[in-house]
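The values are calculated or read from the model by the stated rules, or taken from the named source; none is laboratory data. Predicted model only: the values in this text are computed from it and were never measured. Cβ coordinates were reconstructed from backbone atoms using ideal geometry, including for glycine residues, and neighbour counts include every protein chain displayed. Each accessible area value is taken on the protein alone, full model and side chains, heavy atoms only, with ligands, DNA and RNA left out. Shrake-Rupley method; radii C 1.70, N 1.55, O 1.52, S 1.80 Å.
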Amino acid sequence: MTALSPDTNSVNVYWSPIANDSVNGVLRGYKVFYRSLLDEGMYSVVTVGPSTLQVFISDNFIYSDIYEVSVAGFTDVGLGVKSESVTVQPGKEVST
């Protein structure tokens with residue numbers, strides 16, 4: 001997974017599809033979780049369909065904060081394992 005922030009108001013997140021043999025049932029979509037590491041509050045979540053492998057998040061990001069981002073697939077059974085988190089700072093073109 002990669003998270004990039006081209007400006008202070010948005011974050012682009014990209015990931016690879018889950019292998020078919022790693023899905024418990026029919027993949028219904030992905031949930032992208034993100035939150036500021038400075039306040040470690042609740043995650044905000046963006047949900048997308050199963051064929052989507054990228055999401056553009058436009059939010060009230062704080063330029064000086066660093067954000068943690070992770071992705072998990074979900075089926076009718078429930079949420080799968082979250083990916084390893086990556087960090088991104090709004091306005092910094094850095095991928096981790």
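For the stretch 29-62, taking the residues that are small (G, A, S) and touching a residue at least 24 places away in the same chain (Cβ under 8 Å), the one that is farthest from P90 (Cα to Cα) is identified as G29.
Taking every residue in the stretch 63-78 that is closer than 19 Å to T2 by Cα and in a strand (DSSP E or B) and pairing it with any residue that is of a type in the set (G, A, S) and open to solvent by less than 20 Å² (accessible area, probe 1.4 Å), at least 6 positions away or on another chain, the pairs with Cβ-Cβ distances below 9 Å are Y67/A3; Y67/S5; Y67/S36; E68/S36; V69/A3; G73/G29.
Across the stretch 53-80, the number of residues qualifying as surrounded by 13 or more Cβ atoms within 10 Å (Cβ to Cβ) and within 14 Å of N12 (Cα to Cα) comes to 10.
Against the list (1) open to solvent by less than 20 Å² (accessible area, probe 1.4 Å); (2) out of contact with any strand residue (DSSP E or B) (no Cβ under 8 Å at 6 or more places or on another chain), the condition S10 fails is (2).
Going through (1) surrounded by 14 or more Cβ atoms within 10 Å (Cβ to Cβ); (2) of a type in the set (S, T, N, Q); (3) not in a loop (DSSP other than H, G, I, E, B) one by one, S83 falls short only on (3).
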